[in-house]
Amino acid sequence: MANTPSAKKATRKIETRTAVNTARRSRVRTFLRKVEEAIAAGNKDEAAAALRTAESELQRAAGKGVFHKNMASRKVSRLARRVKTIGA
């Protein structure tokens, strides 16, 4: 258990930061799921629209440090490639 006032404050900050990051991660996963569902349904227009919003959310989360920037870029790249192949 934390003894010093600064350690107690650090613990409080970590708890709030963890809650914020968990919410961000969950939000990004929701957007990614929408893209996956549109791809599975074979709806190219819906998938492309979902990809645009998911890309923006992923890059925001990467900018905030929730995800690594390379991981976000890799996911966007792979999703874009899959959306492009729909109906081809």
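The values are calculated or read from the model by the stated rules, or taken from the named source; none is laboratory data. As the structure is a prediction and not an experimental result, all values here were calculated from the model. Reconstructed Cβ throughout: ideal geometry from the backbone, glycine too, with neighbour counts over all protein chains shown.
What do you reckon, is residue 12 of a type in the set (Lys, Arg) and either in contact (Cβ under 8 Å) with a residue 24 or more places away in the chain or not in a helix (DSSP H, G or I) (or both)?
So residue 12 fails the test.
Which of the following residues is out of contact with any Asp or Glu (no Cβ under 8 Å at 6 or more places or on another chain), crowded, with 16+ Cβ neighbours inside 10 Å and aliphatic (A, V, I, L, M): 2, 19, 54, 40?
The match here is 54.
Search segment 32-72 for residues being more than 11 Å from the chain's Cα centre (by Cα) and among the polar types (S, T, N, Q), and hand back the single one that is modelled with the lowest pLDDT.
My answer is 43.
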